[in-house]
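To keep things clear, I will list the structure first and then write my remarks on it.
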Amino acid sequence: MAERRREGILLTNAAQIIARIRAERGLSMSSLGVLAGVPTSTISRIESGQIEPTLGMVRRIALGAGYHLHLQYYDLFSGKLEDDVVPVAADPAGEPEEDEDPPR
């Protein structure tokens, strides 16, 4: 999953990334949910590790809190650590991404 390095700390899963974003911005789960356009229950389930969101959902939540998502990945074939900025673009259809919760 996405990795985020700040002040020497490597964050390797969505729960760590979202919790750190909330803490840095001083946001409650409900406030972050409103800013990102996702249910509070989704934020809670991500942070507790109950669900592993898509990269798109992590991006959406990060953008809601005012962060630009940056990824680093390790190429197993070349042995290189790649460090590319992922361009942030709206969904081509202009529609919001689907929630992680399945319909009931």
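Observations, loosely collected:
- Looking only at residues in region 48-83 that are touching a strand residue (DSSP E or B) at 6+ places or on another chain (Cβ under 7 Å) and more than 24 Å from residue 27 (Cβ to Cβ), the one that is modelled with the highest pLDDT is 75.
- Count of region 10-28 residues, restricted to those that are surrounded by 20 or more Cβ atoms within 10 Å (Cβ to Cβ) and not β-branched (Val, Ile, Thr), is 1.
- Output for region 21-58, where each listed residue is part of a loop (DSSP other than H, G, I, E, B), over 15 Å from residue 69 (Cβ atoms), without any contact (Cβ under 8 Å) to a residue 60 or more places away in the chain and of a type outside the set (A, V, I, L, M, F, W, C): 26, 28, 37, 48, 49, 50, 52
- For first residues located in region 76-91 and surrounded by 10 or more Cβ atoms within 10 Å (Cβ to Cβ) and among the charged types (D, E, K, R), partners that are modelled with pLDDT of 50 or more and assigned to a loop (DSSP other than H, G, I, E, B) and lie 6+ apart or on another chain with Cβ distances below 9 Å form the pairs 82/75.
The values are calculated or read from the model by the stated rules, or taken from the named source; none is laboratory data. Here the structure is a predicted model, which means the values were calculated and not measured. Neighbour counts are summed over all protein chains in view; Cβ atoms, including those assigned to glycine, are modelled from backbone coordinates with ideal geometry.
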